[in-house]
Each structure stands twice: as structure tokens, then as C-alpha cells.
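K.L.:
My structure is below; once you've seen it, I'll send some questions.
The values are calculated or read from the model by the stated rules, or taken from the named source; none is laboratory data. Please read these numbers as outputs of a predicted model, since none were measured by experiment. FYI the Cβ positions are ideal-geometry reconstructions off the backbone, even for glycines, and counts take in every protein chain you see. The area values use the complete protein model at the heavy-atom level, side chains included, leaving out ligands, DNA and RNA. Shrake-Rupley method; radii C 1.70, N 1.55, O 1.52, S 1.80 Å.
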Amino acid sequence: AQTVTQSQPEMSVQEAETVTLSCTYDTSESDYYLFWYKQPPSRQMILVIRQEAYKQQNATENRFSVNFQKAAKSFSLKISDSQLGDAAMYFCARNNAGNMLTFGGGTRLMVKP
Amino acid sequence: KAGVTQTPRYLIKTRGQQVTLSCSPISGHRSVSWYQQTPGQGLQFLFEYFSETQRNKGNFPGRFSGRQFSNSRSEMNVSTLELGDSALYLCASSLARGDRSTDTQYFGPGTRLTVL
């Protein structure tokens with residue numbers, strides 16, 4: 001089975017500091033897409049950032065950026081200047097054939113004031 | 001544009017009953033996917049509908065079924081409910097112009113189903 005693994009069940013960061021969430025994945029394909037979704041207590045899944053595997057440049061969205069290492073099959077999310085509103089569950093996901101997402105187990109991020 | 005909407009937001013059923021959940025995609029999106037989220041199994045893909053046809057299916061029993069209407073709205077049905085079906089059911093929509101789609105999926109707020 002092609003899996004997505006998030007090795008950190010919980011992470012904690014001080015407000016205004018930087019935190020990195022880890023994700024590794026398994027795939028035999030050369031063309032695929034990776035995503036980070038955020039799920040706050042409201043349970044609404046919100047897209048944070050998306051990375052195309054064929055692009056060497058790491059994606060960036062304001063305070064959120066990724067470190068995509070294709071050979072290592074690693075896709076980490078860096079959150080800079082952490083804010084209280086960043087506290088949530090974060091899920092890493094990759095798309096499979098057929099518009100199906102495979103998700104990691106999630107990382108709960110706590111932000112301390 | 002309005003986001004993905006799901007109704008109802010909360011449901012309580014008893015074992016053996018059946019339930020129907022509804023999802024309205026973002027305007028213009030033709031693909032609707034369903035996911036089940038539980039504390040034990042995490043997020044798991046149920047099925048995807050595109051242009052009123054089930055295009056892909058996850059590894060769930062036949063009690064889980066769905067359909068899509070001509071306006072792209074989708075319903076998901078679970079028959080003969082079991083305690084283990086208690087979960088958050090998430091619907092996501094995307095443009096998904098091809099089967100090997102790279103379009104981003106946008107999620108609704110979910111339906112929380114509790115089976116007693």
C-alpha cells in the first residue's frame with residue numbers, strides 16, 4: 001500500500017516562533033501532488049499549501065512553506081511567526097490515481113502564548 | 001463562490017437504521033469525493049463521483065453507497081448502521097477534469113454521525 005507517514009503526533013511551538021512538521025510518503029509514480037491541510041477544532045479541512053512533484057521549487061504561501069525532497073520522499077511544512085490561530089491538526093496528503101487523497105495520521109500543533 | 005456545503009451537520013441514529021448524507025460542491029466542480037474520519041482509522045477514502053458516475057471506490061463494504069445528480073450534488077447512504085460507522089463524514093469537491101486529476105480538493109464542514 002502506498003502510505004503517508006507523519007511521525008510527530010503532537011508538536012508545540014511558542015507564539016511568533018517557527019515550527020516544522022514532518023511527512024514522508026511512499027509512491028512508485030513520478031508525477032504526483034502533495035498537500036498540507038489544516039483541521040481546526042471546527043473540523044473543517046482547510047488547504048494550507050500544495051506542491052507539484054515535477055517542480056523543484058518549494059511552494060510558499062505567506063508564513064507557510066514546504067521543504068520537498070523528492071528523492072527522499074519527504075515533504076515537511078514550515079510555519080513561520082506562529083500565531084494562536086495556527087493551532088490545529090495538520091494532515092499531509094498525496095493524490096493517487098483517480099482523484100483520491102491518501103492522508104497521514106496527522107500532527108496536532110499547539111501554540112503557546 | 002460559496003464553499004462546499006454538507007447537510008445535516010449532526011446525526012444520531014441507532015444500529016440497523018440507514019442514513020443519507022448530502023453534499024453540494026463548489027459551483028462548477030464536477031467531482032465529489034467522500035471520506036470517513038475516525039480516531040482509530042484516520043481519514044479514509046470512500047468513493048468519488050464525476051458526472052453522475054462512480055469513478056473510484058475505496059475499501060468499504062457495500063453498505064456504503066452514493067450517487068451524484070446532474071447538478072453535481074451528491075448523496076451518500078449507509079444502510080444497516082453499525083456502531084463502528086460513527087465518524088465524521090467529509091465531502092470534497094474539485095474540478096477534476098481528468099481521471100488522473102491534479103486538481104485540489106476543497107472540503108465541506110463534515111457531517112458528524114453517531115450510531116447508538
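K.L.:
What is chain B by shape, rounded, prolate or oblate, if you read a ≥ b ≥ c off the alpha carbon gyration tensor as root eigenvalues and call it rounded for a/c under 1.5, prolate for a/b larger than b/c, and oblate otherwise?
P.N.:
On the way: a/c = 1.81, a/b = 1.65, b/c = 1.09.
Verdict is prolate for chain B.
K.L.:
Accessible area drop of at least 10 Å² (1.4 Å probe, protein heavy atoms): which residues of the stretch A:9-47 qualify, relative to the chain alone?
P.N.:
Correct list: A:29, A:31, A:33, A:35, A:37, A:39, A:42, A:43, A:44, A:45, A:47.
K.L.:
Right, here's the next one. Rounded to the nearest 10 Å², what accessible area does residue A:27 show when all protein chains are kept and the probe is 1.4 Å?
P.N.:
Residue A:27 has an accessible surface of roughly 10 Å² with all protein chains in place.
K.L.:
Are there any trypsin sites (Lys or Arg not before Pro) in the stretch A:21-65 that are in a DSSP loop and have at most 11 other Cβ atoms within 10 Å? List them by number.
P.N.:
Numbers: sites: A:38, A:43, A:50, A:55, A:63; in loops: A:43, A:55, A:63.
Sites meeting the loop and neighbour criteria: A:55.
K.L.:
Report the Stokes-Einstein translational diffusion coefficient (µm² s⁻¹, integer) for the stretch A:34-95, Rh taken as the Kirkwood radius over Cα pairs, at 4 °C with viscosity 1.567 mPa s. Numbers along the way, then the final one.
P.N.:
Values: Rh = 12.2 Å.
Approximately 106 µm²/s, per Stokes-Einstein.
K.L.:
Quote the Stokes-Einstein diffusion coefficient, in whole µm² s⁻¹, for chain A, based on the Kirkwood radius over alpha carbon pairs, a temperature of 4 °C and a viscosity of 1.567 mPa s.
P.N.:
On the way: Rh = 14.1 Å.
Estimated diffusion coefficient is 92 µm²/s.
K.L.:
Which entries in A:73/B:57; A:55/B:57; A:73/A:112; A:38/A:73; A:78/B:57 show an alpha-carbon gap greater than 24 Å? Don't skip to the answer; put the middle values down first.
P.N.:
Numbers: A:73/B:57 26 Å; A:55/B:57 29 Å; A:73/A:112 31 Å; A:38/A:73 21 Å; A:78/B:57 33 Å.
Violating the 24 Å limit, Cα to Cα: A:73/B:57; A:55/B:57; A:73/A:112; A:78/B:57.
K.L.:
For residue B:13, which aspartates and glutamates qualify as cross-link partners when the Cα separation must be under 15 Å and same-chain residues fewer than eight apart are set aside?
P.N.:
Of all the aspartates and glutamates, those that pass the test against residue B:13 - Cα under 15 Å, at least 8 places apart if same chain - are B:82, B:85.
K.L.:
Kindly tabulate the residues in the stretch B:36-53 with an accessible-area decrease of at least 30 Å² between the chain alone and the assembly of all protein chains, using a probe of 1.4 Å.
P.N.:
For the stretch B:36-53, once contacts with the other chains are taken into account, B:37, B:43, B:45 lose 30 Å² or more.
K.L.:
Going from most exposed to least, what order do A:79, B:12 have by accessible area with a 1.4 Å probe?
P.N.:
Working: A:79 0, B:12 120 Å².
From most exposed to least exposed: B:12, A:79.
K.L.:
While we're here: So what is the diffusion coefficient of the protein assembly as shown in µm² per second by Stokes-Einstein at 20 °C and 1.002 mPa s, using a Kirkwood Rh over Cα pairs? Don't skip to the answer; put the middle values down first.
P.N.:
On the way: Rh = 18.2 Å.
Rounded, D is 118 µm²/s.
K.L.:
With a 1.4 Å probe and all protein chains left in place, how much accessible area per residue does the stretch A:4-112 have, in Å²?
P.N.:
46 Å²
K.L.:
Between chains A and B, what is the buried accessible area in Å², counting both sides, with a 1.4 Å probe and ligands, DNA and RNA left out, to the nearest 100?
P.N.:
Rounded to the nearest hundred, the buried surface is 1900 Å².
K.L.:
For the stretch A:88-113 and the stretch B:52-116, compute the distance between their C-alpha centroids and round to whole Å.
P.N.:
Result: 18 Å between the Cα centres.
K.L.:
If you don't mind, another one. Quick one: pull the percent of accessible area on the protein assembly as shown belonging to carbon and sulfur, 1.4 Å probe, ligands and nucleic acids left out. Kindly include the intermediate steps, with their values, before the conclusion.
P.N.:
Working: 5130 of 10690 Å².
After summing per-atom areas, the C and S share lands at 48 percent.
K.L.:
Accessible area drop of at least 10 Å² (1.4 Å probe, protein heavy atoms): which residues of the stretch A:67-113 qualify, relative to the chain alone?
P.N.:
A:91, A:95, A:97, A:98, A:99, A:100, A:101, A:103
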